Structures are given as C-alpha cells and as structure tokens.
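The values are calculated or read from the model by the stated rules, or taken from the named source; none is laboratory data. Keep in mind it's a predicted model, so treat the numbers as computed, not measured. Every residue, glycine as well, gets a Cβ built from its backbone with ideal geometry; the counts of neighbours run over all protein chains shown. These accessible areas exclude ligands, DNA and RNA; they are computed on the full protein's heavy atoms, side chains included. Shrake-Rupley method; radii C 1.70, N 1.55, O 1.52, S 1.80 Å.
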Amino acid sequence: MGTVNRLLAEHVNFRVTCVDRVGIAGYIRALQYEGGVVKFILQRGFPIPSPVVLTRNHDRLVGEVDRFVKANGLTVVRFRKGDVKEDIARPYQEAAAAAGHPGVVVVGKAQERMEAWVGYKDNASSLGTERHPHFAFSRQAKVPDHVYFYLHDHDWGPALVKMATFAPYPLWIVANGHQWLKRQLAARGVAFEALDNGLRSVADPALAHRLAARLSAGHLRSAIERWLGWIPSPLIPADRGHGASYEFSVRQLEISDTAVFDAPRRGRAWFEAAIRDHLDLGRPEQVALVVDRHVRSHGKNRTPGRFATEVVSADINPKLQIHYKSSKAKCYLKEGKALRVETTINNPADFASLKTLNAANWKVLRRIGADTNARFLAALGEGQGGLPDPATLEALVMPTIRDGQRAPGLRFGDPRVMALLSSIAAFAHVMGGLTNRTLREHMTARWSPDYTTNQATYDLRRLRLKGLIERVEGTNTYRVTATGRTIATFLTKLAARLIIPALTDLDETCPQPPVPRPLTTAWRAYEHQLDQLIADRIAA
C-alpha cells in the first residue's frame with residue numbers, strides 16, 4: 001500500500017517517455033488560394049488558366065500510380081466502409097520488415113470527401129477585345145479516390161503516406177515514435193521485448209531513454225522526403241523549378257509515458273480505483289489544472305469543446321479520458337501490463353503553439369505533452385492515501401520471504417488465524433504490549449484450550465514477519481503496529497458482521513426466519529431464474 005508515486009517507484013520494471021503516433025499534413029502553399037492556382041496553371045505554359053490543366057494532371061497522376069503498382073508488383077486494396085485499414089496493411093508491412101526490404105508494400109484506395117479546386121467559366125467577365133473565356137476557381141466538395149501508400153522504412157518501420165488525386169493534392173503522413181525507437185535499438189544490437197507498438201523491456205534502459213529523447217523534427221522531415229521520393233507525385237519537374245513544393249505541419253502528436261509493472265495486478269488495482277474516484281476529472285476546473293490552460297465554461301468567450309470524463313470500457317482494459325478543445329489526455333493499461341498516460345495534441349493551436357514541422361515547434365509540443373501527462377497522473381493520484389493493492393492481501397494470506405526468512409501465510413477464514421487476528425485487535429490499545437503468555441491466554445479462550453507455548457512462539461514470529469506486530473527492543477514483548485491494528489480489526493469485523501451472517505442466511509440447510517431477510521429473498525430469486533434459464537437452454 002502507498003501513494004501512486006510509491007507504486008511507480010517501487011513496482012515498475014521499465015518506464016519511458018516517448019513520442020507515439022505522429023500525424024503530419026503535407027500541403028503545397030501555392031495551391032491554397034485561387035491566385036496561386038491560376039499561377040500554377042500558367043507556369044505550366046498554358047496561355048489561359050484553364051481547369052483542363054488540373055484534369056490532365058489528375059489523369060497523369062492516376063496513370064503514374066497504376067504504372068508504379070504494376071512495376072513493383074504491389075497489391076491494391078479497395079477499402080470498404082468500416083475497414084480497419086491499418087490491420088489490413090499490417091501483414092504486408094511485417095513481411096517487408098522480416099525480409100528487410102524497405103519501400104511501398106501495399107497500396108489502398110478509398111473514395112473520401114475533400115474540398116477540391118474546381119474551375120468554371122465566368123461568363124460575366126472578359127479580357128481584351130477578343131472576349132476569350134475567363135475562368136474562376138473555388139473550393140468545392142468532391143469525393144475522389146485517395147491513395148494510401150503503406151510503407152516499411154529501415155529507420156521508422158511501418159508508415160503511411162496518403163495522397164488525394166485532386167488539387168490541392170493534400171498529403172496525410174502517419175508514423176510512430178515507438179516504432180522508430182525499436183528500429184534504433186535493433187540497429188544497435190540492443191535486445192528488447194515489444195509491448196504492442198511500445199516496449200515492455202530493454203536490455204539497456206538508459207540507451208532507450210536517450211534515444212527516445214533524441215527523436216526530433218529533423219528525423220521525421222528526412223524520412224518524409226525519402227518516402228515522397230518513393231511514390232508518384234502531383235508535381236512535375238517544371239512545378240518544382242517554379243518553386244512549388246510540399247510543406248509540412250503537425251496535425252497530431254501523441255506523447256506517452258509508459259510504466260511497466262513488475263506485477264500487473266498492482267497497476268490494475270490502482271487504476272480501477274482511480275477511475276472510480278476521479279469521474280469528475282473532465283470538469284472544466286479540473287481540465288484547466290491538467291492542461292495548465294485557462295478554461296472558460298460559461299459566457300460568450302467559452303472555451304470550445306466538450307468537458308466530460310470518458311470511461312471507455314470496450315474491452316477488459318478500460319481507459320479514462322478527458323478532453324480539452326480538440327485535444328485529449330487519457331490513461332489506460334497497455335495489454336494489462338503497463339500504465340500508459342498519453343496526451344494527444346490534435347491541434348497545436350489548442351496550446352498556443354505553431355503547427356509548422358520544425359525543431360522549435362517540435363520541442364514545444366513534446367514539452368507540452370510530457371507536462372500534461374505528469375499533471376494528469378498527479379491528478380489521478382490525488383486523494384488516494386493508499387493504493388488498493390491485491391498484493392497486500394496476498395502478502396498476508398500467502399507464504400512470503402522477509403529479510404531472508406520465510407513467513408507462513410495467515411489464511412483468512414482459518415479458525416486459528418481468525419482467533420489470532422481477534423487477539424491482536426484486542427491488544428491494540430494495551431500499554432503493556434503482547435507476550436507469549438498473554439497471547440496464550442487469549443488464544444485458549446478464542447480458539448483452543450490446548451494452545452501451547454510453542455504454538456504461541458510460532459504465531460508471534462509469523463505475525464512479526466507479516467508486519468502486524470513488532471518486537472520492543474531488548475525485550476520479549478511485542479506491540480501491535482498501525483498496519484496490524486488496521487488489518488486485524490477490519491478482517492475480524494468483516495468475518496463477524498458480514499461474511500458469517502451472510503453465509504448463514506444463504507445456507508439452505510439452516511432454518512429460515514418467518515420473514516426472510518432481503519438478501520435471502522434476492523438470492524433465492526436469482527437462483528430460481530438461473531436454474532430456469534439453464535433448464536430452458538438444455539431443453540432447446
């Protein structure tokens with residue numbers, strides 16, 4: 001038992017803070033406004049800015065993608081609604097990793113809505129005396145094919161570049177910092193054990209920490225430039241000659257703190273209690289403390305977004321999640337083995353940061369994520385003087401080793417153990433302390449008149465090794481510890497006031513009172529319904 005800080009300090013085998021999922025938007029600055037579109041078309045040598053140029057570029061790009069797929073013998077997957085695209089692509093990426101072949105491993109296509117440039121003839125305008133057509137451009141909703149290039153990279157492992165085939169040709173690039181970290185460890189010959197996309201253990205933890213901290217915007221920019229060189233591009237050499245190129249901004253950055261427990265049950269017990277005790281964490285005043293930002297919950301300047309605590313329990317590993325504007329922080333058990341605290345920044349502007357992918361912004365966002373994780377974890381630990389730890393019960397009832405000595409278990413429900421607990425609870429406030437003789441007096445009354453001196457010596461020893469009593473220095477007298485008083489009193493009352501009366505009520509062989517207790521009535525009804533359900537299923 002102890003605080004969350006003690007749990008993390010004493011019962012964690014490996015802990016690391018690392019960038020997790022990264023989402024980068026790629027855009028061509030010249031195609032973000034109408035004048036730039038017109039200039040883009042004219043620079044391709046056309047006398048007028050006809051939308052035919054965009055149509056031809058689309059057809060060229062689609063044709064190059066088809067030829068690229070054929071030349072590399074790639075599989076093309078047409079994604080359907082509801083498909084988990086990453087799951088479909090993963091086997092291809094794993095096969096490429098096993099073979100040591102970097103590059104595009106599979107291509108996916110899906111029709112998705114976007115705002116695309118559309119040109120139209122503006123009949124109300126004319127230029128010069130020949131009154132040749134004048135074209136205008138506007139962004140309109142379209143549903144073209146988006147091409148998913150799933151990659152395997154020596155430095156980053158699995159990655160994705162998604163491209164729209166309509167102007168302004170936006171890109172969406174996805175990579176993972178934990179995958180990068182694993183590739184760096186593997187390249188240095190350092191053994192590690194994976195935990196999903198993260199790490200469960202590393203042969204050289206200090207190196208893992210240094211590498212995780214070193215991951216920079218430069219590493220990612222270098223990788224993106226390499227990946228774009230692998231795939232067809234909407235830009236041709238003439239466009240690049242006129243200065244057209246992709247620029248990149250951070251649209252999603254996850255920073256995680258993962259602590260792997262020596263015994264997963266410790267983390268689970270704490271986390272389940274944290275969920276129960278912190279359902280108000282999503283309130284505006286609590287969110288403000290976690291994200292260290294001012295949150296206005298009322299008035300015309302109200303902070304946008306919803307403020308609520310989400311307990312997501314789609315499986316046996318629930319997660320606690322709060323929101324701030326478009327970003328969020330969450331805490332969950334990673335594969336039941338590690339506590340993962342994770343801040344997802346979906347819009348750097350939520351934290352008054354810039355989006356451009358460069359060294360300065362990257363450092364700011366990483367610091368924001370790490371600080372938010374720390375405050376989120378601290379908030380979860382507030383108000384929890386003691387961690388509900390199943391190991392506490394196990395250490396009491398099961399044999400343990402303390403200071404090199406074997407301490408026999410104190411099995412709850414054993415008549416001798418229950419008499420012992422009752423005896424030391426009675427001694428909790430005795431100034432003179434507990435001795436072999438006084439323990440025998442209590443045990444002969446509570447358990448057996450044949451209780452001996454040797455049995456008392458044995459019991460005093462195991463009570464001491466379990467931490468329920470301690471020897472007064474230089475004497476053969478013992479006093480009950482605070483822990484011993486708490487445990488003995490609680491378990492004695494639990495047995496006498498709850499367990500024994502409840503078991504008696506539920507025992508069918510015991511005579512029932514004229515008016516059964518509510519517990520007995522409810523249990524009998526439950527048993528009847530369960531028996532009837534089983535009988536109906538067997539008959540069917």
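Highest-first packing order for the peptide set 446-459, 475-488 is 475-488, 446-459, based on the mean count of other beta carbon atoms within 10 Å.
Whole angstrom only: what separates the Cα centroid of segment 21-55 from the Cα centroid of segment 155-217? After rounding, the separation between the Cα centres reads 33 Å. For the cross-link pairs Lys325/Lys355; Lys81/Lys162; Lys81/Lys109; Lys334/Lys355, the ones whose C-alpha atoms lie over 20 Å apart are Lys334/Lys355.
Place the peptides 255-264, 173-182, 109-118 in order of packing, highest mean first, counting for every residue the other Cβ atoms within 10 Å and averaging per peptide. Can you show the working numbers first?
Numbers: 255-264: 20.6, 173-182: 23.1, 109-118: 15.5.
Most protected by this proxy first, the peptides run 173-182, 255-264, 109-118.
Annotation: Asp66 carries an accessible surface of approximately 80 Å², with a 1.4 Å probe and no ligand, DNA or RNA atoms counted. Once backbone amide H atoms are built at 1.01 Å from N, Leu410 has Val397, Met398 as its partners under 5 Å, excluding neighbours fewer than 5 places away on the same chain.
A straight Cα-to-Cα reach below 23 Å connects Lys337 with the lysines Lys182, Lys319, Lys328, residues fewer than 8 places away in its own chain not being considered. The Cα center of segment 56-105 and the Cα center of segment 438-472 differ in position by 73 Å.
A 1.4 Å probe run over the protein chains yields, for segment 132-251, 38 Å² of accessible area per residue, whole-number rounding. A straight Cα-to-Cα reach below 27 Å connects Lys121 with the lysines Lys39, Lys142, residues fewer than 8 places away in its own chain not being considered.
A dipole drawn for segment 137-216 from +1 and -1 charges on Cβ atoms has a positive end, and of Asn197, Val174, Tyr150 the residue lying farthest that way is Val174. Among 356-369, 14-27, 146-159, the peptide with the highest mean count of other Cβ atoms within 10 Å heads the list, and the full ranking is 146-159, 14-27, 356-369. For the pair Leu498 and Met114, a Förster radius of 56 Å applied to the C-beta separation gives a FRET efficiency near 0.35, rounded to the nearest 0.05.
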